[in-house]
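All remarks here apply to the structure that follows.
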Amino acid sequence: MSDIYDNTLRSIINDCSRFVLPFINEACGEHYTGNEKIVFHPNEHIITRSDENSDKRITDTCFTVISGDSTEKKYHLECESGEYSSSMLIRLFEYDAQIALDQRKLGKTEIIVTFPHTAVLYLKNRGTIPREMKVTIGVPDGRKVSYTVPVIRMRDYNAKELFEKKLYLMLPFYLFNYRNKFDKCNKDPEELKKLLDEIQYVADNLKKLAASGELDPFEAKTIAELMRTVTDAFAKKYGKVKKGVDDIMRGPVIETEARRILNEGIALGEARGITLGETRGETKARMNFVRTMLYKNFSDDVIIECSGISSEELKRIKSELLKS
């Protein structure tokens, strides 16, 4: 199950990389403006053990932020959905040490390894979860070097704070805050409405941000789809909760982007002297619309609903596109 949440974090960072900087500002006390350059590094690392066996480990994400004055800082982010355990520190140290080793500077008589700034996003909404962890390294001359690993706890943030602080990276996991209420929500219509009102608040704000240009429509769509993915993963037993979230997050955000594409197709046709009411113009506009929707990986159901074509016509268009 945890792979789903790890993959969700990787997906939103991969597709919406600028969301990383506000999160780093929050976790590590930085003051990035969004104009910095982000360079991502491979997530796969080979951990060598004392028995000479090697394990391949995949970090959630590792990257370098380069500021305007060419200052560089390395970061390592992890997402944890399980209960807190001090064994997490062992895993973090293994990752950090391997990241430092992978990016070593090697001279004739010296090796320089720089550990990354590390932070963890904890999704659990109950149990004891510290606000920070600490790694201490002892060196042969007796000195000790320590670094802190800040912990961002999902339960410490409501939806309003996530939007105010632009912590869009955390939005797909927002329902973790209500996970222990799913059973009650599934049985009690009033409790279900309270939960879905929260989700509607998220959807409405995504729609507003997409309309204002604060978010690209693709970014808003990505958040909505990943939120549905996370909910589907842990709400399988709660049909009313799952359906309610799916219906809300599938609706206004995706439709906004779909309608924008359709309007662009209509405008293009009208610019060429073709109105949507004409058979030839309608066919051309809808063909352009469907082609774009397919390219952006919208589902068949959404394409059919927004374009008005039949499932048979969609199959025909897909077939023609494959031949072209």
Legend entry - Hits in region 154-187 (condition: farther than 29 Å from D15 by Cα, without any contact (Cβ under 8 Å) to a residue 24 or more places away in the chain and exposed (fewer than 13 other Cβ atoms within 10 Å of the Cβ)): K187
Inset, instruction - Tell me, please, whether a residue that is at pLDDT 85 or above and over 19 Å from V113 (Cβ atoms) can be found in region 44-51. - result: no
Inset, instruction - Return the only residue of Y201, Y147 being surrounded by fewer than 17 Cβ atoms within 10 Å (Cβ to Cβ), outside any helix (DSSP H, G or I) and in contact (Cβ under 8 Å) with a residue 12 or more places away in the chain. - result: Y147
Legend entry - Residue within region 88-108 that is part of a loop (DSSP other than H, G, I, E, B), among the charged types (D, E, K, R) and within 30 Å of L226 (Cβ to Cβ) present: no
Legend entry - Scan of region 1-34 for residues that are touching a helix residue (DSSP H, G or I) at 6+ places or on another chain (Cβ under 9 Å) and part of a loop (DSSP other than H, G, I, E, B), ordered by number: M1, C16, E30, H31, Y32, T33, G34
Inset, instruction - Scan region 155-165 and give yes if some residue there is within 26 Å of F40 (Cβ to Cβ), part of a loop (DSSP other than H, G, I, E, B) and charged (D, E, K, R), otherwise no. - result: yes
Inset, instruction - Would you check which residues across region 115-144 are loosely packed, with under 13 Cβ neighbours inside 10 Å and touching a Pro at 6+ places or on another chain (Cβ under 9 Å) and list them? - result: R131, E132
Legend entry - Wholly within region 224-306, helices (runs of 4 or more DSSP H) carrying at least 2 residues that are at pLDDT below 70 and farther than 30 Å from K184 by Cα: 252-271, 279-295
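The values are calculated or read from the model by the stated rules, or taken from the named source; none is laboratory data. Quantities reported herein were computed from a predicted structural model and do not represent experimental measurements. So basically every Cβ, Gly included, is an ideal-geometry build from the backbone, and we count neighbours across all protein chains shown.
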